[in-house]
Amino acid sequence: MAKPVLLTIDDDPEVLKAVERDLRRQYAANYRVLAANSGQAALALLEKLQQRGEPLGDTRFQIRLPLPSGATPTGATL
């Protein structure tokens, strides 16, 4: 079975890289760590994971990160 995914999202490339690095150091043995640089990229990635039936362990995102119109952090559209 595939490892669950930890997804981190941030529009600041340096912050994203640092968070991704730290998550890999801490959790790579048990999780697959992925990163997205926008809400839209994250939603596309989550859709691909869902289509493949891959488990999602957790998502971390910058609370002020702009999301596509009508989208929520969970990926549901309003």
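Filtering the range 4-14 to residues that are over 18 Å from Gln40 (Cβ atoms) and outside any strand (DSSP E or B) leaves Pro4, Glu14. Scanning the range 32-48 for residues that are under 14 Å from Thr8 (Cβ atoms), among the hydrophobic types (A, V, I, L, M, F, W, C) and at pLDDT 90 or above returns Val33, Leu34, Ala35, Ala36, Ala41, Leu45.
Could you list all residues from the range 1-16 that are surrounded by fewer than 15 Cβ atoms within 10 Å (Cβ to Cβ) and under 11 Å from Ala35 (Cβ atoms)? Within the range 1-16, Pro13, Val15 qualify.
Within the range 17-46, track down each residue that is assigned to a loop (DSSP other than H, G, I, E, B) and either touching a strand residue (DSSP E or B) at 6+ places or on another chain (Cβ under 7 Å) or surrounded by 13 or more Cβ atoms within 10 Å (Cβ to Cβ) (or both). Show your work before the answer.
First pass over the range 17-46, keeping only residues assigned to a loop (DSSP other than H, G, I, E, B): 28-31, 37-38.
The answer is Tyr31, Asn37, Ser38.
The values are calculated or read from the model by the stated rules, or taken from the named source; none is laboratory data. Worth saying up front: this structure is predicted, and the values here are computed from it rather than measured. When we count neighbours, we look across all protein chains shown, and the Cβ atoms used for this are built from the backbone with ideal geometry, even at glycine.
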